[in-house]
1. Condition check: in contact with a helix residue (DSSP H, G or I) (Cβ under 8 Å, 6 or more places away or on another chain) and loosely packed, with under 10 Cβ neighbours inside 10 Å. Does Pro51 satisfy that?
2. Among the candidates Ala35, Ala65, Ala76, Ala41, which residue alone is aliphatic (A, V, I, L, M), at pLDDT below 85 and out of contact with any Asp or Glu (no Cβ under 6 Å at 6 or more places or on another chain)?
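The values are calculated or read from the model by the stated rules, or taken from the named source; none is laboratory data. Not measured: the values here are computed from a predicted model. Cβ placement follows ideal geometry from the backbone for every residue including glycine, while neighbour counts extend to all protein chains displayed.
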Amino acid sequence: MKPYAGMIVSTMLLPILLCGCAAREYSMDSSMGVAVHENLAAQIIYPNGIPPTGPQGLYGVPSKAVIDRYDSSFMAPPPPANAFSIGLGAAGTASMTGPATGTNP
């Protein structure tokens, strides 16, 4: 009887094991990946391939003033800040507060 028990168990397990090998139909959603492509397209600066010329929204004298100020900012950069003035008050003195009462010493 023992040889038949193994055969019966294997016969019962065989259909369960074969179910894992069956091919499944996978239907992909028609809009899959559309959001990714839209986000990538939104990151393109010039979608038509032609960059605009000059500042947009300004015309004539204001536009020239903006560009001249931008160009002159590279001619004379601002002086470097003094590294020893960090944490000091406006007049170059250390700003300290007193005890919990808020009075200066």
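1. no
2. Ala76
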